[in-house]
Amino acid sequence: MEIQNISLSKIKGPAFHIRTETRDGDPELLASIKTHGIKQPVLLRPSKTGYQIIAGVRRYQACKKLGMKAVPAIVEKLDDKTTFEIMLTENIQRRQLTPMEEAHAFREYLDNYKGSIRELAKKINKSHAYIVQRLLMIDWMRELPKDVQKEMQDELGGYNVTTSHMEEMVKVKEPEKVREIAKAIREEKLTVPQTKEVVQLVEERQMPVDRAVQTVKIVERAKEAAEEVAEQLKEAVVKTSRDIKEAESSERRKLLENYMFLGSVIESLEKGRIFCVAHKSETPSLKWSCGTPLEETHEALKRKLDLRR
C-alpha cells in the first residue's frame with residue numbers, strides 16, 4: 001500500500017469517538033517521534049472535508065503537539081462498520097479504553113451495525129462472557145442516581161475500581177451501598193476477592209458496608225495469623241510425639257490428648273478454617289472466620305498446648 005504524506009490540516013480527527021475521555025499525550029511517544037520520526041503510518045479514510053483517522057489517533061495528536069505539518073499515512077476507502085471494527089480492535093488491544101468506554105462501544109456496534117455478540121467477540125478476540133458483562137454494566141449504571149453514576153465513572157476512569165471489582169458490585173441493589181463500597185475499595189485497597197466477600201455480607205446478610213469491610217479485613221489478618229500458628233503447631237506435634245515415647249505412663253494420657261487436639265486444629269487450618277478453641281465452633285460463612293476474637297483464640301491455643309513464644 002502506498003504511503004502518503006498528508007497535511008495535518010486536512011485530517012479532521014477520528015472517524016468515531018470511541019474514547020470519550022480526553023487524556024494527556026504520551027510523553028514517551030512524543031519523545032520517540034521527536035527523535036526517530038513516525039515508524040508506523042496512520043490509517044485514514046477520505047471524507048467530504050478531508051480525511052478521518054481510523055488508526056493512529058495518538059500519533060496524529062503527538063505530531064500536532066510537536067508542530068509537524070504532515071504525517072505519513074495510508075489512505076483506504078472503508079465503510080462505517082469496518083472502520084468502527086478496526087478502531088475498536090486497536091483501542092482494546094492497546095488497552096486504551098475504560099471499562100465503560102468499552103461497554104458503550106459494544107452497545108453502539110450492536111445497535112448501529114446489527115452485529116451479534118458472537119460476531120463482535122470474534123472481531124475483537126474477546127469472549128462472549130466478556131462482552132455480556134460489559135453490557136450489563138450499562139444497564140446497572142443507568143439504574144443508579146446521576147451523582148452515583150458520576151462517582152462510578154470517575155472511579156473506573158481512575159482505575160481505583162477495576163472491571164473485576166465492578167463485576168461484583170453489580171450485585172448490590174442500593175445506590176448508597178454502591179457508593180460506600182466504591183469508597184472502601186479506593187480507601188481500603190480492597191482486592192477483588194475481598195470485594196466479593198463484602199458484597200456477599202452486604203447483600204445476603206444485610207450487614208452494613210463498614211462492618212462488612214471490617215469483617216473481611218479481620219478475616220485477612222486471621223488468615224495470616226493462622227499460617228503463623230500452623231507453623232508453631234507443626235513443631236508442637238513433633239515435640240509431643242517425641243514426648244509421648246519418652247514419658248511415664250501417668251503422663252501419656254495428657255500428652256495423647258494434646259496430640260489429638262493438635263491434629264484436629266491442623267486439619268482445620270489445612271481446610272482453610274480457624275478452629276475456635278474458646279467455643280469449639282466454626283463460622284462457615286467465610287473462610288478463616290471465627291466468632292472468637294483472634295487474640296483470644298491464639299491465647300487459648302497457647303494455653304491448651306502450653307506453647308510459649
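Does ARG45 fit the bill of being of a type in the set (D, E, K, R) and closer than 26 Å to TYR130 by Cβ?
Values: of a type in the set (D, E, K, R): yes; closer than 26 Å to TYR130 by Cβ: no.
Taking the combined requirement at face value, the residue does not satisfy it.
If I filter the stretch 103-118 down to residues being part of a helix (DSSP H, G or I) and more than 22 Å from MET141 (Cα to Cα), which single residue comes out as modelled with the highest pLDDT? Steps first, please.
If we filter the stretch 103-118 for residues that are part of a helix (DSSP H, G or I), which is where we start, we get 103-113, 117-118.
Now narrow it down to the ones that are more than 22 Å from MET141 (Cα to Cα): 113, 118.
Values: TYR113: 89, ARG118: 92.
Only one residue fits best here, namely ARG118.
I'm trying to understand the selection: among the residues of the stretch 89-116, which are over 20 Å from ALA55 (Cβ atoms), free of Cβ contacts under 8 Å to residues at least 40 places away in the same chain and under 23 Å from the mean Cα position of the chain (by Cα)?
First, the residues of the stretch 89-116 that are over 20 Å from ALA55 (Cβ atoms): 99-100, 103, 107, 110-111, 114, 116.
Checking which are free of Cβ contacts under 8 Å to residues at least 40 places away in the same chain leaves us with 103, 107, 110-111, 114, 116.
Correct list: ALA103, ARG107.
So for the stretch 43-58 (the condition being surrounded by fewer than 18 Cβ atoms within 10 Å (Cβ to Cβ), at pLDDT 90 or above, in contact with a helix residue (DSSP H, G or I) (Cβ under 9 Å, 6 or more places away or on another chain) and assigned to a helix (DSSP H, G or I)), does at least one residue qualify?
No: the stretch 43-58 contains no residue that is surrounded by fewer than 18 Cβ atoms within 10 Å (Cβ to Cβ), at pLDDT 90 or above, in contact with a helix residue (DSSP H, G or I) (Cβ under 9 Å, 6 or more places away or on another chain) and assigned to a helix (DSSP H, G or I).
Do we have THR35 as touching a helix residue (DSSP H, G or I) at 6+ places or on another chain (Cβ under 6 Å) and at pLDDT below 90 here? Full working, then the answer.
Details: touching a helix residue (DSSP H, G or I) at 6+ places or on another chain (Cβ under 6 Å): no; at pLDDT below 90: yes.
So THR35 fails the test.
What's the number of the only condition in (1) modelled with pLDDT of 90 or more; (2) surrounded by 20 or more Cβ atoms within 10 Å (Cβ to Cβ) that MET100 fails to meet?
(1)
Tally up the residues in the stretch 171-205 that are surrounded by fewer than 17 Cβ atoms within 10 Å (Cβ to Cβ) and not in a helix (DSSP H, G or I), please.
6
Of the residues in the stretch 61-79, how many are in a loop (DSSP other than H, G, I, E, B) and free of Cβ contacts under 8 Å to residues at least 60 places away in the same chain? Please lay out each step first, then the result.
Initially, the stretch 61-79 is screened for residues in a loop (DSSP other than H, G, I, E, B), giving 66-69, 76-79.
Remaining after also requiring free of Cβ contacts under 8 Å to residues at least 60 places away in the same chain: 66-67, 77-79.
The total comes to 5.
Examine the stretch 158-172 for a residue that is polar (S, T, N, Q) and more than 22 Å from GLN96 (Cα to Cα), and state whether such a residue exists. Steps first, please.
Taking the stretch 158-172 first, the residues polar (S, T, N, Q) are 160, 162-164.
Restricting the remaining residues to those that are more than 22 Å from GLN96 (Cα to Cα) gives none.
No, the stretch 158-172 contains no residue that is polar (S, T, N, Q) and more than 22 Å from GLN96 (Cα to Cα).
In the stretch 122-143, what residues are assigned to a helix (DSSP H, G or I) and of a type in the set (Gly, Ala, Ser)? Before you say what the answer is, go through the steps one by one.
If we filter the stretch 122-143 for residues that are assigned to a helix (DSSP H, G or I), which is where we start, we get 122-124, 128-142.
Selection gives ALA129 alone.
The values are calculated or read from the model by the stated rules, or taken from the named source; none is laboratory data. Just so you know, these numbers come straight off a predicted model, no measurement behind them. Ideal geometry is used to build each Cβ from the backbone, glycine not excepted, and the neighbour counts take in all protein chains shown.
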